[in-house]
Amino acid sequence: MFSKPLVACFDQHQSSSDGGAVLLKAADRRYELIDGLAGCLHDQRQSGKIDHSLRELLAQRIFAIACGYPDANDSARLSSDPIHKMLLDRDPVTGRDLASQSTLSRFENAIGPKELYSMSEVLALRVIERHAERLRGRVRRVTIDLDPTDDPTHGAQQLSFFNTHYDCHCYLPMLGFVSFNDEPEQYLCAAVLRAGNVTAAFGAVGILRRLIQMVRYFLPKVQVRIRLDGGFAHPDVLALLDAAPNLEYVVAMAKNAVLKRKAKPAMRRARKLSRQSGETEHVYDEARYAAQTWPHERRVIIKAEVVRADAKEPKDNPRFVITNMKQTSQWIYEQIYCQRGEVENRIKELHHLEIGRTSCSGFWANQLRVLLTAAAYVLMQEMRLSARGTDCARAQVWTLRERLLKLGARVMTSVRRMVVQLPASFPFLTAFRQVALALGASPG
């Protein structure tokens, strides 16, 4: 292949393939997320037999997940990695090796529901507080999005059930996001694992109530807006939204016979337009509607749509959205409700971080894994926020990992400092430098 024989030797003991992971530690300093999560844990182990604190075990898992190692089994290959030892405040050369797979597995299975509840609250508090400080009084509106996703299971995991909608045995985690003003990014603030046979709205009232309270605490005068998909049109959810002061909401609703009847005039207009143009057409309308379980009527926006596709008959596709907003139907649907589709991109990123790696037999251990992945994603989002103005500003998290974290590095230590030697020909140096400076590095 080459002019001379090539010999490849994996013998650089003071080197790492995750040289950029120091950015994760800098991102965590902005949130103090790992310290906050670790503060929820109670160590019941015998102090004389402990080599790794609970904070170190927590940090090891979060940083490893962000770097692409979702399983505790990966710890065997990372035990002597100098960068990962640095992330735990250990000397990269002489410091103790990282915790083993068995230690991490015992840790994951030792966390109970009360601790997990506290950790979930800390995650939401740290995210909302961080962005309230970042925007410094410039927040006019906070938007909260909730969305369930499927987490297929392939074993005997506790509370894994068959879900007819997804046609598989699964869990059904609930994910919550907050966004500020008109910023395009939705920041993850809640990740709650649920049994696979629950409804979409199960637990939504409690999650929404806590998130609204947190937003009001840090940003007492802002307008709160809630966007929810069709599975959340539950009487209890709607009652909570109606009762909250200074709150706007848009909630999709499944079609039924009454709503179809109210949509008939708009559907006739949409069919006429579609016949004339030969294309997909839609018309907006609205109505007052009260289901049997509702205490009063609510405004329902109607999107009467006729869909045309090649070699297929035209198809009626009416959509319905419940809202308490006063703007025009078209503006609310297109400018507010449709924007929640961006949440699907955030959920895809979480699946790429392996939030579905819930392979423990116990339910609470799997909830911890979901929270660990959520914490890793929060740090990745902070990196992306720091990359504004570069070609990494809107990159997906797997692209951020490949460009900024997966760097061959050699680590050297002396009495006064640690040096991480990175490639001089690094193609994303500009983005890396900006992220590092934004996260607190000193130029030099």
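The values are calculated or read from the model by the stated rules, or taken from the named source; none is laboratory data. Values in this document were obtained by computation on a predicted structure and should not be read as measured data. Virtual Cβ from ideal backbone geometry, glycine too; neighbours counted across all protein chains shown. Remember, those area values only see protein heavy atoms, side chains included, never the ligands or the DNA or RNA. Shrake-Rupley method; radii C 1.70, N 1.55, O 1.52, S 1.80 Å.
Which of the residues spanning the range 328-346 are assigned to a helix (DSSP H, G or I) and surrounded by fewer than 19 Cβ atoms within 10 Å (Cβ to Cβ)? Hits for the range 328-346 are 330, 331, 334, 335, 338, 339, 341, 342, 344, 345.
Can you find a residue that is among the hydrophobic types (A, V, I, L, M, F, W, C), touching a residue at least 12 places away in the same chain (Cβ under 8 Å) and open to solvent by less than 40 Å² (accessible area, probe 1.4 Å) anywhere in the range 307-317? Among the residues of the range 307-317, not one is among the hydrophobic types (A, V, I, L, M, F, W, C), touching a residue at least 12 places away in the same chain (Cβ under 8 Å) and open to solvent by less than 40 Å² (accessible area, probe 1.4 Å), which makes the answer no. The single residue among 153, 164 that is of a type in the set (S, T, N, Q) and open to solvent by less than 20 Å² (accessible area, probe 1.4 Å) turns out to be 153. Here residue 420 clears all of (1) in contact with a Ser or Thr (Cβ under 6 Å, 6 or more places away or on another chain); (2) under 21 Å from residue 80 (Cβ atoms) except the condition numbered (1).
Residues that are out of contact with any Phe, Trp or Tyr (no Cβ under 8 Å at 6 or more places or on another chain), open to solvent by less than 20 Å² (accessible area, probe 1.4 Å) and within 30 Å of residue 302 (Cα to Cα) within the range 213-241 comprise 222, 224, 232, 237, listed in sequence order.
For the range 135-150, taking the residues that are touching a residue at least 40 places away in the same chain (Cβ under 8 Å) and among the basic types (Lys, Arg), the one that is surrounded by the fewest Cβ atoms within 10 Å (Cβ to Cβ) is identified as 138.
Rundown of residues vs (1) in contact with a Ser or Thr (Cβ under 7 Å, 6 or more places away or on another chain); (2) farther than 16 Å from residue 337 by Cβ; (3) among the acidic types (Asp, Glu); (4) in a loop (DSSP other than H, G, I, E, B), yes/no style:
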{"position": "264", "(1), (2), (3), (4)": "no, yes, no, no"}
{"position": "276", "(1), (2), (3), (4)": "no, yes, no, no"}
{"position": "299", "(1), (2), (3), (4)": "yes, no, no, no"}
{"position": "309", "(1), (2), (3), (4)": "no, yes, no, yes"}
{"position": "313", "(1), (2), (3), (4)": "no, yes, yes, yes"}
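Every residue, every condition in (1) modelled with pLDDT under 95; (2) open to solvent by 30 Å² or more (accessible area, probe 1.4 Å); (3) over 30 Å from residue 438 (Cβ atoms), yes or no:
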| position | (1), (2), (3) |
| --- | --- |
| 35 | no, yes, no |
| 40 | no, no, no |
| 48 | yes, yes, yes |
| 52 | yes, no, yes |
| 55 | no, yes, no |
| 59 | no, no, no |
| 64 | no, no, no |
| 73 | yes, yes, yes |
| 76 | yes, yes, yes |
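Residues are listed down the side, and each one gets a yes or a no for (1) over 29 Å from residue 381 (Cβ atoms); (2) part of a loop (DSSP other than H, G, I, E, B); (3) in contact with a helix residue (DSSP H, G or I) (Cβ under 7 Å, 6 or more places away or on another chain):
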{"position": "179", "(1), (2), (3)": "no, no, no"}
{"position": "197", "(1), (2), (3)": "yes, yes, no"}
{"position": "202", "(1), (2), (3)": "no, yes, no"}
{"position": "231", "(1), (2), (3)": "no, no, no"}
{"position": "251", "(1), (2), (3)": "no, no, yes"}
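Assigned to a helix (DSSP H, G or I), among the small types (Gly, Ala, Ser), within 10 Å of the chain's Cα centre (by Cα) and more than 28 Å from residue 323 (Cβ to Cβ) - does that describe any residue in the range 350-373?
Step one: filter the range 350-373 for residues assigned to a helix (DSSP H, G or I), giving 350-352, 363-373.
The next check asks that each one be among the small types (Gly, Ala, Ser); those that pass are 365.
If we keep only those that are within 10 Å of the chain's Cα centre (by Cα) too, we end up with none.
No, the range 350-373 contains no residue that is assigned to a helix (DSSP H, G or I), among the small types (Gly, Ala, Ser), within 10 Å of the chain's Cα centre (by Cα) and more than 28 Å from residue 323 (Cβ to Cβ).
Considering the range 379-419 alone, what residues qualify as being under 16 Å from residue 19 (Cβ atoms) and crowded, with 19+ Cβ neighbours inside 10 Å? Answer for the range 379-419, where residues must be under 16 Å from residue 19 (Cβ atoms) and crowded, with 19+ Cβ neighbours inside 10 Å: 383, 400, 401, 403, 404, 405, 407, 409, 411. The set of residues in the range 248-259 that are open to solvent by less than 50 Å² (accessible area, probe 1.4 Å) and either in contact with a His (Cβ under 6 Å, 6 or more places away or on another chain) or in contact (Cβ under 8 Å) with a residue 40 or more places away in the chain (or both) comprises 248, 249, 250, 251, 252, 253, 259.
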